[in-house]
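The values are calculated or read from the model by the stated rules, or taken from the named source; none is laboratory data. This is a predicted model, so every value here is computed, not measured. Methodologically, a virtual Cβ is constructed for each residue, glycine included, from the backbone with ideal geometry; neighbour enumeration extends over all protein chains shown.
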Amino acid sequence: MATGTIPGDPRPPARFRRAPRRVRRRGERGPLASLGLHATLLLAALVAVFPPFWLLVTSFKPSGETFSRSLVADFTLDNYDRVLGDTAFLTWFGNSLLVVGTTTVAGVLISATTGYALSRFRFPGMRPLMWTLLITQMFPMAVLIVPLYNLMARYGLLNQPVSLIVTYLTIAVPFCAWMMKGFFDTIPVAIDESGRVDGLNPFGTFWRLILPLARPGLAVTGFYTFVTAWAEVAYATAFLTGEDNLTLAGGLQTFVNQHTQDWHLLTAAAVLIAVPAALVFGYAQRHLQAGLTAGATKA
């Protein structure tokens, strides 16, 4: 009798049997699927990282090697020195700080108070207000340039920072107010009630109790408002003229136009402009993760 067999058992001996096939669980990827997924993610990461990397590399090249395909052969900081010393970059930077700082602070305050009112109170005209905030997001920015330009010209606000501040607020506040309403909805109403029991008025409850809990949402709102004002080009070039009145977005266009093509200076200026945006993004990203975790805990 063969080893490993049982009399009357029709199956082959144990040594000739196949090992049982492993059943793949639902949602589990096979080796080829995992390889394809990781290859796709790696390719997408390279596509995303290559443009800013090449911009940084080009900013350190001499003017004669701007379009060369090689990496930095003759490392130089002359492009940065010329941007900071021979152009009005610092003036543009100051104008941008004024516009962006005012827009961010005002946008966060208006969005937070509007979102809190929509989340906690019921008042006449509430639903039309919510629809108005939503509908304003449907209009492309380019469509509004001409009417807003005529409006600013009528009130004498052209070539004034206030024209950009008001414009950027009309763009950022509707979306941020909706976002803050959703965040305030996750905060228990019992906190408001406890504040009123302790003698706080509605604004005191909002300022002392609710606003500190909404810090992650405020950070994300501030980041969105900052990016809206920092990276916008169309309104900045339409409403402001003259080298001393330009912001950074408008100043970049002076390097490459119909008269001059200073690509090496453009790359250096673009890198300098990206540094504050990267710092703000890193700060907001940390608070965004905290906000997601807080929302999961509340749920």
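Within the set of pairs 6+ apart or on separate chains, which have a first residue in the range 231-253 that is in a helix (DSSP H, G or I), a second that is of a type in the set (D, E, K, R), and C-beta atoms under 7 Å apart?
Taking only residues 6 or more apart or on different chains, the pairs are ALA249/GLU232.
If a residue has to be part of a loop (DSSP other than H, G, I, E, B) and either under 19 Å from GLN261 (Cβ atoms) or at pLDDT below 80 (or both) to count, how many in the range 77-88 make the cut?
Selection size over the range 77-88: 2.
Would you mind finding the one in LEU279, LEU266 that is assigned to a helix (DSSP H, G or I) and under 23 Å from SER63 (Cβ atoms)?
LEU266
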